[in-house]
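Report on the structure given below.
The values are calculated or read from the model by the stated rules, or taken from the named source; none is laboratory data. As the structure is a prediction and not an experimental result, all values here were calculated from the model. As a convention, Cβ positions derive from the backbone with ideal geometry for all residues, glycine included, and neighbour counts pool all protein chains shown. Areas reflect the complete protein model, heavy atoms only, side chains present, ligands, DNA and RNA absent. Shrake-Rupley method; radii C 1.70, N 1.55, O 1.52, S 1.80 Å.
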Amino acid sequence: MTCKILTIVGARPQFVKAAPVGHAIKKMDGLQEVLVHTGQHYDTAMSEVFFEELGIAAPAYNLGVGGGGHGEMTGRMLMALEPLMAEEKPDAVLVYGDTNSTLAGALTAAKIHIPVFHVEAGLRSFRMTMPEEINRRMTDHVANLLFCPTKRAVNNLKREGIEKGVLFVGDVMYDSALLAAKTDAGSDIVERLDLQTTAYEVATVHRAENTDNPQALTEVLSFLKERALNMPVVLPLHPRTRNAAAKHGQTFDGLMVIDPLGYLEMAHLIRGSAGVLTDSGGLQKEAYFHRVPCITLRDETEWVETIDNGWNRLWKSPKNYEEKRDISEYGTGNSADKIVKAMIGFLNDVA
Ligand code: UD1
């Protein structure tokens, strides 16, 4: 008997996480994956390039739901996903991370009694004003299998009374990073930016709390501009930040602004850099995976172990530790296999 998994992705970081799991599903007998792209990210540089680079098959469906407010976007996804799930009749729905696409996929499935599997469960910033914190909490509370990347995530869930279906599997982003380290060698991004003879830092900014309020945006851009007095700071610019800066009349003077990069070029750029400055969750870990120090442009992080082990610090806290220790809990690059085996186990049990 073949079980059907309906995978919902929509935003850049989800393509990175879904790739290794999709590859692991393909290797496994008895599982079929149907991929749905919500359309949350729709620019080529934010979406298509990831499918090409990471070898992800074209989605079976693209809902074309990008832009708009959070409620509108999530609502339109719910409206499109319900008939799609009724038609496809999957045995389970698989969602990743904490975006509006994650919540929409999980909520639609739960309401029509389809099991929900959540990869990257249990992360918490404890800041309920972050849209991502709302999305991830809601998703965890309707999920049947919760794949935790860290032990802290397991404990976070325990504190909320969630223990059933919780599995510590390590971080699928590490699976992807190992793959990137093997395949990004051909990139000439450093030469194209003429950075081969100088130290440089790589920055990204896109979080609503840094972009939507003009004062916060000024503060974060000033921080980057000050860093750029020491060495070049490359800023692959997210459309949200580009739009916010234009709206509030902010400039990027002194920063090396470039278009968003694909996964492999970004990995290559980071590997050659002196440091990463970011408000992204994924990049904090990718910096560590490539053994580059990171400064997180936020007042808290879900990835506390990167701080505890000396690779990361919050922008307003003191300098990184001198001693940097490896983080074993992200696993050995086989998280996707663990996830797929657990999904098969669950589906066999309910069959
Ligand atoms: C989303 C996720 C965030 C994740 C980030 C990765 C939510 C709540 N947030 O934030 O967790 O870290 O993706 O990038 O789901 N836009 C474009 N072209 C695109 C994509 C977006 O122009 O390809 C514009 C949208 O129209 C919108 C803005 O950028 O105006 C923000 O996009 P949105 O998907 O709402 O959130 P992100 O900031 O990307």
Only unsatisfied item for residue 20, checking (1) under 21 Å from residue 110 (Cα atoms); (2) crowded, with 19+ Cβ neighbours inside 10 Å, is (1)
Those helices (runs of 4 or more DSSP H) completely within the stretch 118-199 that have 1 or more residues that are of a type in the set (Asp, Glu) are 131-142, 172-183, 189-192
- Just to be sure, is residue 278 of a type outside the set (Lys, Arg) and closer than 29 Å to residue 186 by Cα? yes
Among strands (runs of 3 or more DSSP E) completely within the stretch 265-351, the ones holding 2 or more residues that are open to solvent by less than 10 Å² (accessible area, probe 1.4 Å) are 275-278, 294-296
Of 176, 187, the only residue that is farther than 23 Å from residue 299 by Cα and within 16 Å of the ligand (Cβ to nearest atom) is 176
Checklist entry - Would the stretch 212-233 turn up any residue that is within 16 Å of the ligand (Cβ to nearest atom), over 30 Å from residue 25 (Cα atoms), touching a helix residue (DSSP H, G or I) at 6+ places or on another chain (Cβ under 9 Å) and touching a residue at least 60 places away in the same chain (Cβ under 8 Å)? => result yes
So, first residue farther than 23 Å from residue 92 by Cα and in contact (Cβ under 8 Å) with a residue 40 or more places away in the chain in the stretch 142-166, second residue assigned to a strand (DSSP E or B) and open to solvent by 10 Å² or more (accessible area, probe 1.4 Å), Cβ within less than 8 Å, six or more apart or across chains; the pairs are 150/168; 151/168
- Task: Considering every residue within the stretch 28-41, establish whether at least one is open to solvent by less than 60 Å² (accessible area, probe 1.4 Å) and part of a helix (DSSP H, G or I).
- Result: no
Residues of the stretch 33-53 being over 21 Å from residue 183 (Cα atoms), in contact with a helix residue (DSSP H, G or I) (Cβ under 8 Å, 6 or more places away or on another chain) and either within 11 Å of the ligand (Cβ to nearest atom) or polar (S, T, N, Q) (or both), in sequence order, are 38, 40, 41, 43
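Conditions (1) open to solvent by less than 10 Å² (accessible area, probe 1.4 Å); (2) assigned by TED's automatic domain parsing to the domain that holds residue 296, marked per residue:
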position: 119; (1), (2): yes, no
position: 133; (1), (2): yes, no
position: 137; (1), (2): no, no
position: 166; (1), (2): no, no
position: 193; (1), (2): no, yes
position: 208; (1), (2): no, yes
Those residues of the stretch 211-227 that are crowded, with 20+ Cβ neighbours inside 10 Å and in contact with an Asp or Glu (Cβ under 8 Å, 6 or more places away or on another chain) come to a total of 1
Just one listed residue, out of 72, 87, is within 16 Å of the ligand (Cβ to nearest atom), surrounded by fewer than 22 Cβ atoms within 10 Å (Cβ to Cβ) and in a helix (DSSP H, G or I), and it is 72
When every residue in the stretch 101-117 that is open to solvent by 10 Å² or more (accessible area, probe 1.4 Å) and either within 16 Å of the ligand (Cβ to nearest atom) or not basic (Lys, Arg) (or both) is compared, the one nearest to residue 41 (Cα to Cα) is 103
Residue 93 meets each of (1) closer than 15 Å to residue 39 by Cα; (2) assigned to a strand (DSSP E or B); (3) of a type in the set (A, V, I, L, M, F, W, C) with one exception, condition (1)
